[in-house]
Amino acid sequence: MEGFTYVDIFATKGIEYLLVISGLLFFTFFWRFLSRPAVAVYREAENVASTISDWFHLPVEGVYFHQGHSWAAPEDGEVVRVGMDDFAQKLVGKIDAIKFPNVGSQVAQGEKAWSLLVGSKSIDMLSPVDGKILEINERLLNSPESINKDPYGQSWLMKVQAPKISSNLKNLLSGSLAKKWMEGVRENLLARMNYNLGAVYQDGGVPVDGIARNLDRERWDEIVREFFLIS
Amino acid sequence: MNGITTTEEMHSLKDFLIFIRSELKPKGKILTPFNLISAPIILLGGVLILYRFIMGMGAVVHNASEYPWGIWIGFIVMVGVAFAGGAYVTAFIVYVLRGEKYHSIVRMAVLNGFLAYVFYAGAILLDLGRWWNIVNPLIGNRFGVNSVLFLVAWHFLLYMIAQLVEISPAFAEWLGLKRARKFLASLTLGAVIIGITLSTLHQSGLGALFLMAKWKIHPLWYTEFIPLLFFISSIFAGLAVVIFIGTVSFRVFDKDRIDEEYRKSWDDILIDLGKACAITMFVYFLLQVLILVHGKNWALLNTPMGYWYLTELMGLLLLPAFLFGWGVKSGNPAPIRIAAVLTMIGVIINRIDYSIIAFKWYLPFSERYIPSWMEVVITLAIVFTMVWVFRWIVNRVPILRKPPQWAIEQEQEEEEEIEGRAMALAPQLGLTMADGGKTIDLHKK
Amino acid sequence: MGIDRRTFLKGLGAGIAGIAPGGSLLPGRVEAAEAPGNKEFMGVIVDTTRCVGCRSCELACAEAHNLPIPDISDTSVFEKNRPTSETQWEVVNRYQTEKGEIFAKRQCMHCNQPGCVSACPVNAMEKRKEGPVTWDTNCMGCRYCMISCPFDVPKFEHNSATPKLQKCNLCWERLKQGEKPACVEACPAEALTFGTRRELIEEANTRIYKKPNEYISHIFGEHEVGGTGYLYLSSVPFEQIGFRSDLGTTAYPEYTKGFLYSVPVVLLLWPAFLSGVSAITKRKDNVRRKEGGKV
């Protein structure tokens, strides 16, 4: 500014304001564009949808569910096969070991029966029936990870002698009641999921570290306990 | 109605008109002390406004050549806008920070803000000598882009629109316009974000107007930080006004105009607002001290203007800040209410200082600006008219009571929709989330 | 400057006028017949050592601008210090100084970077390339220019229903005809000298240099508030003839520069920041709702 001719120090102001206005419009669209979930997520979500719905498939007749995600299947007379449902394993993820009570000891319906050891954490599960443990599935003791194969068949956990079997079964869910209950569980699970989930299921399969950990990495065991009714 | 007028709609249109007519009738008692005082003032003010427009400003305004901006700008606009700050602060807390607890006061604050802008900024028209040219900076009969006032004018206009958008769902609820409400409600967050931005700029812009009045304003008030000071003081000024209006509103309005839950939550909210005020005012006080030291103006404190400055700083800033703090600590709303009133007085004085008291402070008393009685009456008339309109709206529109059931449901649906979108899963699964209670067959795939 | 502001503003105006109703009804700009080329500021030297206080300039000014004709034989007006007013674009004042009575005329200083021009929201105040600061009728009458003027010159016709802003325009209408300002032409004592600002500063320096005893070594307006079109010479310090000594050399628009520069920045950053905050609180809110909603 030499002081002999006019220099406008605000010469570009008008252009700046126009730029800002168009910038804000652009920002709005950009923001909305980015806020829409990615196409890939949608696609993964489809996979997840089909995968998740598998977990809620209930076996044919003859299996009775406890709401803590254990099941009981009466065999001959008072002998009952006991196990955990498919969903329970999916929720927990890779199980390092299962801690059973000794053969011959008593279990009671709705009370702690066995524990799943996952990493440093131990999660209890409830027994579906009252009775005395007759046998423990040796196959699972050696390879607990195989529990997911045929959860209602080969992967039973133990056999229990249940003298009060008929009254016990009345407290368990089967058929349409079980279906309804599972529906509720599924809804509960979906309500907790966030959209990060889609990314976890790259291959459309179940994550090795379990669905609970994807809900909340820090407090996943608490969520599991909620589902297993341990609290 | 886009060509598809059915008999049913005609019918509802008729109903609508009947509804409007019934709503236009006065509600509540007419002969109240407030009405008896304010009505004559408003009438007289109206006459004087007419007089001002016919005869020119000089007929009404006192000593205007030394003081270009009297109480119409100095009080109505400067103070009115600062007092409207409650709108953007509450909107920030409720819509951006999602403080659901304060949802009950947000409409009151925004309505107050909107009316303040309409009336107080509208009062600019009175103070514009060539008022018929008011549209010039907007329509571009030359854009003075280099002017602070140009910005302030544009921000006023845009912010009024933003506030109208923020408050419009309430009016749609009143009129039962469901689809309009849905659309308007979807604009709220955007309007709030733009509104806060505009507020930041024009609250500080009002301060920036005085940056070029360098030697005309007493050095204790003139600093290059005026914009910042104006912005920060608008935060606690606005909150103090929300406290004041809330306290008055929850007392004077009929029970059926106020939601019982809102009324109960008010005392709790009041304490929180007091806390926000105390902290903001304390920070503002420190800033003032910093600026005083920065300007090396401490020697001026021991002058008559210095005493005035200290009165303002201690009595109307630090004292109410302390009262706010006391009220918050003791859980007692009484000191908070007193503090709110003191704070409002403090902000009024602060704003008047800039355009009147500390403006050309060196002139002898006989040459100083003292508002004429006509200016005062017009000012009061404007304030009272605003109170009347506020009352009229609160008596009809769901401001202090909960929205109608359909609006609440609409809101929930909206939220679920948004939540669902965020989940990305939900639309695929055809699920409604958590509390939606809708179940869909997952096995269809 | 790379961008011609006027051209840009016209474009801007046309753009918005298309949107705004009545945009096409805008009164046309009162365009000065601008000669091409890089014009330099014109200005006036007021040599207060030569002024005899005859007030011929006041009379000439009033005649040139259809203002009430002052009675210049009346010397009682000197009793008190008169500011410019809506009926007097310029006034001659008498000051008692250490060197006796000194007369000095006051009017718009025609700053190089006028505060009033940067204050005007409609560019009714305009700094012409030739130097004059002029007023136009698209003014809203906000009187922000009065607040912003470092010399408190602009005056408003408060008592009119259709008021105008009144101030010296350096006889802009005469300048366009190639004539000198009326006051300069009327001065019988050669106290007023008209020319380009560059020449005037040289001339003023020459006078000070030649007669160091008659002048103090300061041209008022050379640097004050970024330089002014009117330049004053005096035999006494300028405070004694009614000028402020605290005006500084900063051009007044510079005081709002910081604020105005920050506006576009805030306009861009604030919405982005607030959107971010909102997105985070929404996420948290959703999580909270889920946990509270169904467990």
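Please treat every number below as a calculation from the coordinates, not as lab data. Bear in mind the structure is a predicted one, so any value in this text is a computation, not a measurement. Ideal geometry is used to build each Cβ from the backbone, glycine not excepted, and the neighbour counts take in all protein chains shown.
Phi angles of the range B:171-177 translate, via the Karplus equation with coefficients 6.51, -1.76, 1.60 and θ = phi - 60°, into HN-Hα couplings of 6, 5, 5, 4, 8, x, 8 Hz per residue; Gly and Pro are given as x.
When the Cα atoms of the range B:237-293 are aligned to their principal axes, the ranges along those axes come out at 53, 17, 10 Å in descending order. Label points 7 Å out from Cα along the Cβ direction at C:LYS210 and A:LEU24: separation in nm? That separation, rounded to one decimal, is 6.0 nm. Phi angles of the range B:395-411 translate, via the Karplus equation with coefficients 6.51, -1.76, 1.60 and θ = phi - 60°, into HN-Hα couplings of 6, 10, 8, x, 9, 9, 10, 6, x, x, 3, 4, 6, 5, 5, 4, 4 Hz per residue; Gly and Pro are given as x.
Taking a straight Cα-Cα cut-off under 16 Å and skipping sequence neighbours fewer than 8 places away in the same chain, the aspartates and glutamates within cross-link reach of B:LYS27 are B:ASP254, B:ASP256. So what's the net charge close to A:GLU75: Lys and Arg +1, Asp and Glu -1, counting the other residues with Cβ under 12 Å from its Cβ? Once positives and negatives cancel, what remains is -1.
With 19 Å as the limit on Cα-Cα distance, the pairs of C:LYS99/C:LYS167; C:LYS105/C:LYS167; C:LYS180/C:LYS211 that go past it are C:LYS99/C:LYS167; C:LYS180/C:LYS211.
Excluding same-chain neighbours fewer than eight residues apart, the lysines reachable from A:LYS94 by a Cα-Cα span under 30 Å are A:LYS112, A:LYS121, A:LYS132, A:LYS149, A:LYS159, A:LYS179, A:LYS180, B:LYS444, B:LYS445, C:LYS284, C:LYS290, C:LYS294. Using alpha carbons only, the radius of gyration of the range C:47-249 set against its Kirkwood radius gives Rg/Rh = 0.94. Mean projected area of the convex hull spanned by the Cα atoms of the range B:109-196, taken over all viewing directions: 6.9 nm². With contacts taken as Cα pairs under 8 Å and at least 6 residues apart, the range B:1-160 reaches a relative contact order of 18 percent.
Between B:SER22, B:SER104, B:SER147, the residue with the greatest mean-square fluctuation in the GNM of chain B (Cα pairs under 10 Å linked by springs) is B:SER22. Rounded to the nearest 20 debye, the dipole size of the protein assembly as shown about its Cα centre is 940 debye, using +1 on the Cβ of Lys and Arg and -1 on the Cβ of Asp and Glu. Note down the net charge around B:LYS255, summing +1 for each Lys or Arg and -1 for each Asp or Glu among other residues with Cβ under 15 Å from its Cβ. Around B:LYS255, the charge tally is +3. If eta is 1.306 mPa s and T is 10 °C, what Stokes-Einstein diffusion coefficient results for the range B:284-351, Kirkwood Rh from Cα pairs, in µm²/s? Using the Kirkwood radius from Cα pairs, D works out to 125 µm²/s.
Percent of Cα pairs in the range B:19-146 per distance bin of 10 Å, from zero to the largest separation: 10, 24, 33, 24, 9, 0. Close amide H partners of C:GLN166, meaning residues 5 or more places away or on another chain with modelled amide H under 5 Å apart, are C:LYS155, C:PHE156, C:GLU157.
Taking 18 Å as the cut-off, the amide N atoms of the range B:178-196 that come nearer than this to a point 7 Å along the Cα-to-beta-carbon line of B:LEU164 belong to B:180-196. With θ taken as phi - 60° and the Karplus curve 6.51 cos²θ - 1.76 cosθ + 1.60 applied, the whole-hertz 3J(HN,Hα) list for the range C:94-107 is 10, 10, 8, 10, 5, 10, x, 6, 10, 9, 8, 8, 10, 6 Hz, x standing for glycine and proline.
Less than 5 angstrom separates the built amide H of A:VAL79 from those of A:ALA162, all sequence-distant by 5 or more or on a different chain.
Amide H contacts of A:ASP124: A:LEU116, each under 5 Å away and 5 or more positions distant or on a separate chain (H built 1.01 Å from N in the peptide plane; Pro and chain starts excluded).
Near A:SER122: Cβ cut-off under 14 Å, other residues only, Lys/Arg at +1 and Asp/Glu at -1. The net charge is 0. For a straight C-alpha distance cut-off of 18 angstrom, the lysines reachable from B:LYS329 (same-chain residues fewer than eight places away being disregarded) are B:LYS275. Remark: chain B projects, on average over all directions, an area of 27.7 nm² (convex hull of Cα atoms).
When the scattering of the range C:160-295 is computed by the Debye formula from its Cα atoms alone, each counted once and equally, what is log10 I(q)/I(0) at q = 0.17 Å⁻¹? So the normalised log intensities are -1.10.
If I model the protein assembly as shown as equal point scatterers sitting on the Cα atoms and use the Debye formula, what is log10 I(q)/I(0) at q = 0.05, 0.06, 0.09 Å⁻¹? Log-scaled intensity ratios, in q order: -0.46, -0.61, -1.03. Note: the range B:114-271, Cα convex hull, 177 Å³ per residue. Cross-linked pairs B:LYS255/B:LYS402; B:LYS29/B:LYS264; B:LYS402/C:LYS282: Cα-Cα separations exceed 20 Å for B:LYS29/B:LYS264; B:LYS402/C:LYS282.
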